[in-house]
Amino acid sequence: MRALRFHKARELHVEQVPEPGPPGQGEVLLRPLMCGICGTDLHEYTDGPIVTPGRPHPLTGAELPQILGHEFAATVAAAGPGVSHVRPGDLCTVMPLIHCGRCPECLRGLGHLCRTMACTGLSSAWGGLADLAVVSAGQVVPVPESLTPRQAALIEPTAVAAYGVDRGRLQPGQTVLITGAGPIGSLATLYALAAGARRVVLSEPDPARRARAAALGDGLGEVITADPVHEPVTEILDELTGGVGADLAIECAGVEAALNLCIDAVRPAGTVVQTALHIRPASIRAETLALKDLTLIGTWCYPIQDFPRVAGLMASGRLPAERVISSVVPLESAVTGGFERLITRGTGEVKVLIEVAS
């Protein structure tokens, strides 16, 4: 079967690999249909291995080369013994986090913080960028019939964005600042509007992404885009709020300047949520945190039980996550039409989905 396998930085190829056998006890054999390219995948491609296992993973035993793909929709090809919640032909998505169930975090119900966590498509034998994949039944989430494979493939990144907004305890009627109009920032914008935000100010320096982001709120709510390089974002927020500032700021860019913008632009006693992963140290004005009595919150992934709720919100029509899709390319073009375009400035790409099977 075909699989997109990562070997080392810049070595990512569609290859022929053996098919998995039939699913075992508590397992499901899936036929992936659509799979998103995540920022984590891009970091692996340009600078990896980072989280892909150069040596056998302590939880899964997986090691390079790694089949990529952890944001995917699939149909059930076969359900193993003991699996009753899905049947062959069902459309589903996969909650990719694999947790041990034994460490202190897992025992406290915090599986996303498992000390030996692995991830389907990053540190396990299988991934969504292949013709077939085997996963634990507990990871398989059936989706509402009204959702398409493209929408179902967006449930995982939408859960990331939703968790950032939820941790900020957004209240209806509030003004939200979001930095970065990439996939997570765009999805956080849509989720914030669905959760009742009065308006979202979306800060993005890339003009092509900023142009796409301007239409995110159509029919949903007010989205104001701003260029943080050439526009005074803090002053824009002051004007919109009568000098108060944003109630909540969600940092989705992973850039030091964006984090400091959030700290400066949020109102006194406001909240800043750090959702993007910073790959290098970031200096902040700690004095401002104290003088403004701010709450600074970090987030990692999402609660592992949140996928059905996110899928239901998408099915309701209140969260049109598909608006973030910029391109859909076939598996054979995943590298040139997906990974390379996403790391090239000025293409305007936001979310690229790979069509594994039609």
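Throughout, read-outs are computed from the coordinates displayed, never taken from laboratory work. Note that the structure is predicted; figures quoted are calculated from it, not measured. When we count neighbours, we look across all protein chains shown, and the Cβ atoms used for this are built from the backbone with ideal geometry, even at glycine.
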Could you work out the helix-only [θ] at 222 nm for the chain, with each DSSP H run of four or more residues adding -39,500 (n - 2.57) and the total divided by the number of residues, to the nearest 500 deg cm²/dmol? -6500 deg cm²/dmol
What does DSSP give for the chain in terms of the percent of beta bridges that are antiparallel, rounded to the nearest 5? 55
Long-range amide H partners of Ala197, meaning residues 5 or more apart or on another chain whose placed amide H is closer than 5 Å, are Gly173
Could you give me the ³J(HN,Hα) list for region 234-239, computed from phi with Karplus coefficients 6.51, -1.76, 1.60 and θ = phi - 60°, whole Hz, x at Gly and Pro? 4, 5, 4, 5, 4, 5
Taking other Cβ within 10 Å of each residue's Cβ, how do Cys92, Cys114, Cys100 sort, fewest first? Cys100, Cys114, Cys92
Just to be sure I understand: with springs between alpha-carbon atoms less than 10 Å apart, which residue in Ile98, Ile178, Ile284 has the highest mean-square fluctuation in the Gaussian network model of the chain? Ile284
So what J values fall out for region 42-47 if you push phi through Karplus, 6.51 cos²θ - 1.76 cosθ + 1.60 with θ = phi - 60°, rounded to Hz, Gly and Pro as x? 5, 4, 4, 5, 8, 9
Cα gyration tensor, region 30-89 - rounded (a/c under 1.5), prolate or oblate: oblate
Could you put Trp126, Trp300 in order, starting from the residue whose Cβ has the fewest other Cβ atoms within 10 Å? Trp300, Trp126
Tabulate in residue order the Karplus-calculated ³J(HN,Hα) for region 116-132, using 6.51 cos²θ - 1.76 cosθ + 1.60 with θ = phi - 60°, rounded to whole Hz; enter x for Gly and Pro. 10, 4, 10, 8, 4, x, 9, 8, 9, 5, 10, x, x, 9, 7, 5, 9
Between Ala9 and residues 5 or more places away or on another chain, the pairs with built amide H atoms under 5 Å apart involve Gly48
Rg and Dmax of the chain, Cα atoms, in Å? 20.1, 63
Given H placed on each backbone N at 1.01 Å, which residues far from Ile224 in sequence or on other chains put an amide H within less than 5 Å of it? Val200, Val201, Leu202
Which whole-number percentage describes the relative contact order of the chain, with Cα contacts under 8 Å and a sequence gap of 6 or more? 18
Put in order of increasing Cβ neighbours within 10 Å, starting from the fewest, Lys351, Lys8, Lys292 give Lys8, Lys292, Lys351
